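The structure under discussion appears below in the form of structure tokens.
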Amino acid sequence: MTIQAVTLHLPSSLYERLKRRAEQADRTVEAELLDVVTTAVPTEDLLPAYLEEAVAPLAMLDDAALWRAARSHLPKKTSAQIERLHLKRQREGLTNTETESLVNDMRQYERTLLVRARAAALLKQRGHDVSELLAEA
């Protein structure tokens, strides 16, 4: 792989945040910045656009915001609606409106799971112990 050198002028507040993150992870600022860029710019478009839009900003969040994202949950109302529609589909089928509702709810479910997983992965990369998140799942 060819390496390209880049000079980047950062606002001092952003640099300080990167420096703190690098220190917490026992890495150089350069390594931290490379990690942020690598995470923010995927190598392949493997995710649908709505999921990519949900996870792309995570790399720029501070640790507290990532912890909140990693602990986020699907609203109970949405979860109950998914279960109700799955059961109804098995029993008698769904109307077109119900099918559309289920598709939208399942997209929200996928988004929530992916955001939680990506946030946890970023926290782990930054040196945090994320084992407590397994107990919350």
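The values are calculated or read from the model by the stated rules, or taken from the named source; none is laboratory data. All values reported here derive from a predicted model rather than from experimental measurement. No Cβ is skipped: glycine too gets one built from the backbone with ideal geometry, and neighbour counts run over all protein chains shown. Heads up: the accessible areas ignore ligands, DNA and RNA and are worked out on the full protein's heavy atoms, side chains in. Shrake-Rupley method; radii C 1.70, N 1.55, O 1.52, S 1.80 Å.
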| Extent along principal axes [Cα atoms of the stretch 1-74; Å; largest to smallest] | 39, 31, 22
| said: Within the chain, how many Lys pairs that are eight or more residues apart, or on different chains, come under 28 Å at the alpha-carbon? | reply: 4
| remark: Looks like the stretch 58-137, by Cα gyration tensor root eigenvalues a ≥ b ≥ c and the a/c under 1.5 rounded cutoff (else prolate when a/b is bigger than b/c, oblate otherwise), is prolate
| remark: At R0 = 35 Å the Cβ-Cβ FRET efficiency linking residue 40 and residue 80, nearest 0.05, sits at 0.50
| remark: Counting only protein heavy atoms and rolling a 1.4 Å probe, one gets per residue an accessible area for the stretch 54-136 in Å² of 63
| Gain in length, residue 107 to residue 25, computed as 0.36 nm per residue apart minus the alpha-carbon separation, to one decimal in nm? | 26.2 nm
| said: Take residue 91 and residue 64, extend 7 Å from each Cα along the Cα→Cβ direction, and tell me the distance between the two endpoints in nm. | reply: 4.7
| request: Could you pull out the GluC sites (Glu not before Pro) across the stretch 10-62 that fall in loop regions by DSSP (anything but H, G, I, E, B) with no more than 13 other Cβ atoms inside 10 Å? | output: 44
| query | Round to a whole number: what % of the accessible area of the stretch 11-137 belongs to carbon and sulfur, probe 1.4 Å? | reply | 55
| When all protein chains stay in place, what accessible area (Å², nearest 10, 1.4 Å probe) is found for residue 26? | 140
| query | When the helix-only estimate is applied to the chain (DSSP H runs of n ≥ 4, each -39,500 (n - 2.57), divided by the residue count), what is the mean residue ellipticity at 222 nm, nearest 500 deg cm²/dmol? | reply | -21500 deg cm²/dmol
| task | For the chain, find the longest principal axis of its Cα atoms and tell me its angle to the long axis of helix 76-91, 0 to 90°, nearest 10. | result | 40
| note | Taking only the alpha-carbon positions of the chain as identical scatterers, the Debye log10 I(q)/I(0) at q = 0.15 Å⁻¹ comes out as -0.84
